[in-house]
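To start, the structure itself, in structure tokens.
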Amino acid sequence: KIQSVDAYQIYDSRGMPTVEVEVTLENGVKGCGLVPSGASTGQFEALELRDGDKSKFRGKSVFQAVANVNGEISDAVVGLDAYDQRAVDQAMINLDGTPNKSRLGANAILGVSMAVANAAANAKGVPLYESLGGGEGNLLPLPEIQIIGGGAHANWRTDVQDFLVIATGAKDYAETLEITFNVYHAAGDIFRERNKYYGLADEGGYWPEFETNEEVFDTFVEAIKRAGYTPGKEASISLDIAASDLYDEETQTYKFRLEDRSFTREEFADLMIEWCEKYPIISVEDPAADTDWESWDKIMKSVGHKVQIIGDDLFTTNPTRIQEGIERGAANSVLIKLNQIGSVTETIDAIRMTQEAGWLPVVSARSGETEDAFICHLSVATNAGQLKVGSFARSERMVKWNECLRIERTLGEKAEFVGAELYQKIFK
Ligand code: PGA
Ligand code: ZN
């Protein structure tokens, strides 16, 4: 049973305030929950409660969320059974009473939810993946790892937010990191040689300086070759367009700032399809805005049989929106972020719903991360099969890739890896 709940403000990987919660059980066992935070957030996400007092922490402090945990939420969950995650989460959802957790804050509720999950695992004396998955989880993820960061994460130096590598030729999890290592450092060499090494973006990818978006593709393909791989074979390209950030609802146009170009909805969908045909792309996230369902339909019809089409801002890990997407066949994959929906139970439900539809879930970090590796365990616990954490640098990213290596060792013989064969489920 939960004995006490203690929340406080800590700082994320961008130096921004966020919530940490420590839960203590009656037997003295503890568990922590550290809440991540996005920058290119979807409009349908659960609400991240910030104080908004511009004279303090630029309005970004989370003292109200902390107070909500230490007050109302604590009163509601103390005495509940930590092994019954669903009951604890439901009690908080009921207490909040809003559809998007806007009264108490998704950051308050999620912090408690993650802390309870960790405390339960600690009390059972088993790894979190085992406790969360009821012993069913043993699938190591195929990672997508950022090589170049742009968009909202790099002061708009490119319009596309993430240029990522997927190690489609890897035979096990460890090899995905070896392939990524080679591509990441080959890209770094190229940037250095061309005097374009300007440091790292928010998620650890190279901070780009290009004239056109296409130029990035050429550099990326060159890096894959320089690393000794055939593009599209051992190493493939994955994109997060984060198109909602490029979309103007009023004029219904997409804009590229880098090239000063503007597109109708049809033109932009055509460009996404063209890129998928032209480059060794295996996966594209948010190729259209979160209200532009017609473009999703069009892109899926053209390339959905050979490219993973992931909805992030489109679905915001929200079961109602995922259901709508499944019904109209708008995508074939769902990005899964704990803080978009705001509790562990609802996140696992979203993963299950995705899997039951024959789609693929991709468990994901946020651009504002912490030193916590909860999502690695979530990915293995649910056999999600894919993980997106940002790049191959900076400790808030590496802690996740390294945690999966540890899980692989702990699972030993039981560890499974399907890798790029996963895509056979959705490529028809
Ligand atoms: P965010 O970016 O955490 O800033 O939303 C990640 C993503 O868009 O996938
Ligand atoms: Zn995204």
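The values are calculated or read from the model by the stated rules, or taken from the named source; none is laboratory data. What you see is a predicted model; the values in this text were computed from it and never measured. Here Cβ is always computed from backbone atoms with ideal geometry, including for glycine, and neighbour counts include all displayed protein chains. The protein model used for the area step is the full one, side chains on, heavy atoms only, and it has no ligands, DNA or RNA in it. Shrake-Rupley method; radii C 1.70, N 1.55, O 1.52, S 1.80 Å.
Quick one: helix 213-226 against the long Cα principal axis of the chain, what's the angle to the nearest 10°, folded into 0 to 90?
90
Could you give the dipole magnitude of region 9-120 about its Cα centre, charging the beta-carbon of Lys and Arg +1 and that of Asp and Glu -1, in debye to the nearest 20?
520
Using a 1.4 Å probe on the protein chains only, how many percent of the accessible area of region 1-42 belongs to carbon and sulfur?
Carbon with sulfur: 46 percent of the solvent-accessible area.
If I fit a long axis through the Cα atoms of helix 173-193 and take the longest principal axis of the Cα atoms of the chain, what angle between them do I get, 0 to 90°, rounded to 10?
50
Counting only protein heavy atoms and using a 1.4 Å probe, what share of the accessible area of region 136-236 belongs to carbon plus sulfur, as a whole percent?
Using a 1.4 Å probe with all protein chains present, region 136-236 comes out at 45 percent carbon and sulfur.
Compute the acute angle (0 to 90°) between the alpha-carbon long axis of helix 106-124 and the principal axis of greatest extent of the alpha-carbon atoms of the chain; round to the nearest 10°.
Once rounded, the angle reads 70 degrees.
With a probe of 1.4 Å, find how much accessible area the chain has per residue, and write the answer as a whole number in Å².
That works out to 37 Å² for each residue.
Rounded, prolate or oblate: which one fits region 63-203, using the alpha carbon gyration tensor with axes a ≥ b ≥ c (rounded when a/c is under 1.5, else prolate when a/b beats b/c, else oblate)?
Because a/c hits 1.5 or more and a/b fails to exceed b/c, region 63-203 counts as oblate.
Per DSSP H run of at least 4 residues, take -39500 (n - 2.57); add these up for the chain, divide by its residues and hand me the 222 nm value, nearest 500 deg cm²/dmol. List each step's numbers first, then the result.
Values: 14 runs with 159 residues, N = 428.
So the helix-based figure for the chain works out to -11500 deg cm²/dmol.
Could you compute the FRET efficiency for Glu277 and Lys1, with r as their C-beta to C-beta distance and R0 at 56 Å, rounded to 0.05?
The formula returns an efficiency of 0.45 here.
Out of Tyr198, Ala65, Gly133, whose Cα points farthest toward the positive end of the dipole of the chain (charges: +1 Lys, Arg; -1 Asp, Glu; placed on Cβ)?
The residue sitting most towards the positive pole is Gly133.
Which residue, Glu403, Glu48, Glu249, has the most motion in a Gaussian network model of the chain that connects Cα atoms within less than 10 Å?
So, out of Glu403, Glu48, Glu249, the one fluctuating most is Glu249.
Which residue fluctuates most in the GNM of the chain (Cα springs below 10 Å): Gly199, Gly38, Gly304?
Gly199
Within region 345-372, find all residues whose amide N lies under 11 Å from a label point positioned 7 Å from the Cα of Val418 along Cα-to-beta-carbon.
It comes to 355-356, 358-361, nothing else.
Which translational diffusion coefficient, to the nearest whole µm²/s, is obtained for the chain from the Stokes-Einstein equation, given a Kirkwood hydrodynamic radius over C-alpha pairs, 4 °C and 1.567 mPa s?
Stokes-Einstein gives a translational diffusion coefficient of 60 µm²/s.
Can you compute the charge dipole magnitude of the chain about its Cα centre, using +1 on each Lys and Arg Cβ and -1 on each Asp and Glu Cβ, nothing else charged? Give it in debye, rounded to the nearest 20.
660
Using the Kirkwood formula over every pair of different C-alpha atoms, what hydrodynamic radius in Å results for region 239-290?
11.3
Say we join alpha carbon atoms closer than 10 Å with springs in a Gaussian network model of the chain; which of Glu259, Glu346, Glu416 then has the biggest fluctuation?
Between Glu259, Glu346, Glu416, it is Glu259 that shows the largest mean-square fluctuation.
Using all alpha carbons of region 264-325, what is the percent of pairwise distances in each 5 Å bin, ordered from the shortest bin to the longest?
The calculated distribution, bin by bin, is 4, 19, 32, 24, 14, 6, 1.
How much of the pair distance distribution for region 1-147 lies past 25 Å, counting alpha-carbon pairs only, in percent?
Above the 25 Å cut-off, region 1-147 has 33 percent of its Cα pairs.
Between their Cα atoms, which of Lys171/Lys425; Lys171/Lys233; Lys255/Lys306; Lys388/Lys428; Lys278/Lys298; Lys1/Lys101 are more than 21 Å away from each other?
Lys255/Lys306; Lys388/Lys428; Lys1/Lys101
Rounded to a whole number, what % of the accessible area of region 250-399 do carbon and sulfur atoms account for, probe 1.4 Å?
47
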